[in-house]
Amino acid sequence: MTVGTTHSGKTTFAKLLEKRLINSVVIDQDVQGEFLEKHYPSLLPEKGPKILKFALSQTIVEFAIHKTDNHIILCNSNRQKQPRLNLIEKFKKVGFHTLIVNFDLPIDILKDRIINSHRDTIILRNVSNYDEVLKIQLKQTENEGFISPNKDEVDILFTISNETEVQTVIEKIIKLV
């Protein structure tokens, strides 16, 4: 599972890991969000929870857990502690080993990445750009529910605080598997 703010490198990391980790799949809620925005925009509410996106993602996760033998790489922000713990518990109950890669990059790097980003904004609903997303996420971090993961949540916890650590963490995960 990846944890981090927008533009922290979660998707890039997940895709790199998927290429190196045999028999793995990346499940990224942004992919489901983009699919729904492109193909079913009339089913999506303008405001409120993204119920359909979560349901689609949940169906994919359930299928991956119960119908495949893949290593599952969950690529979302996973910043709220209780929903993150609920998801981790679901995997533990069916025998998965759990691992979090927490992205804790400096704010100036995130802002620079956003400025230079070409990422499609189609999945954004209540804001117009990723700078606004980051501002919201930073404000949420001040709230109790949005806290960084700790080592008691999972079997293994990695924290990436520098871009150069990505390959090292991938290598460590490959060796663990």
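Structural remarks
- Of the set (1) surrounded by fewer than 16 Cβ atoms within 10 Å (Cβ to Cβ); (2) under 16 Å from the mean Cα position of the chain (by Cα); (3) on the phi > 0 side of the Ramachandran plot; (4) not aromatic (Phe, Trp, Tyr), all apply to Gln58 but (3).
- Out of Ile123, Ile109, Ile115, sole residue that is among the aliphatic types (A, V, I, L, M) and touching a residue at least 60 places away in the same chain (Cβ under 8 Å): Ile123
- Residues of the stretch 129-149 satisfying the condition of being in a helix (DSSP H, G or I) and among the aliphatic types (A, V, I, L, M): Val133, Leu134, Ile136, Leu138
- The stretch 71-118, residues that are among the aliphatic types (A, V, I, L, M), farther than 20 Å from Lys151 by Cβ and open to solvent by less than 60 Å² (accessible area, probe 1.4 Å): Ile72, Ile109, Leu110, Ile114
- Pairs with Cβ under 9 Å, 6+ apart, first in the stretch 150-177 and without any contact (Cβ under 8 Å) to a residue 60 or more places away in the chain and part of a strand (DSSP E or B), second of a type outside the set (S, T, N, Q) and open to solvent by 70 Å² or more (accessible area, probe 1.4 Å): Ile156/His97; Ile156/Lys172; Ile156/Leu176; Leu157/Lys151; Phe158/Lys172; Thr159/Asp104
- Filter result for Glu37 (more than 18 Å from the chain's Cα centre (by Cα) and in a loop (DSSP other than H, G, I, E, B)): no
- Residue match in the stretch 31-54 (condition: among the β-branched types (Val, Ile, Thr), closer than 22 Å to Ile170 by Cβ, open to solvent by less than 40 Å² (accessible area, probe 1.4 Å) and out of contact with any Phe, Trp or Tyr (no Cβ under 6 Å at 6 or more places or on another chain)): no
- Checked against (1) open to solvent by 90 Å² or more (accessible area, probe 1.4 Å); (2) under 25 Å from Leu124 (Cβ atoms), Phe13 passes all but a single condition, namely (1).
- Residue in the stretch 103-120 that is under 16 Å from Ser8 (Cβ atoms) and of a type in the set (Gly, Ala, Ser) present: yes
The values are calculated or read from the model by the stated rules, or taken from the named source; none is laboratory data. Since the model is a prediction, treat every value here as computed from it, not as a measurement. Don't worry about glycine lacking a Cβ; one is built from the backbone with ideal geometry, like all the others, and counts go over all protein chains shown. Heads up: the accessible areas ignore ligands, DNA and RNA and are worked out on the full protein's heavy atoms, side chains in. Shrake-Rupley method; radii C 1.70, N 1.55, O 1.52, S 1.80 Å.
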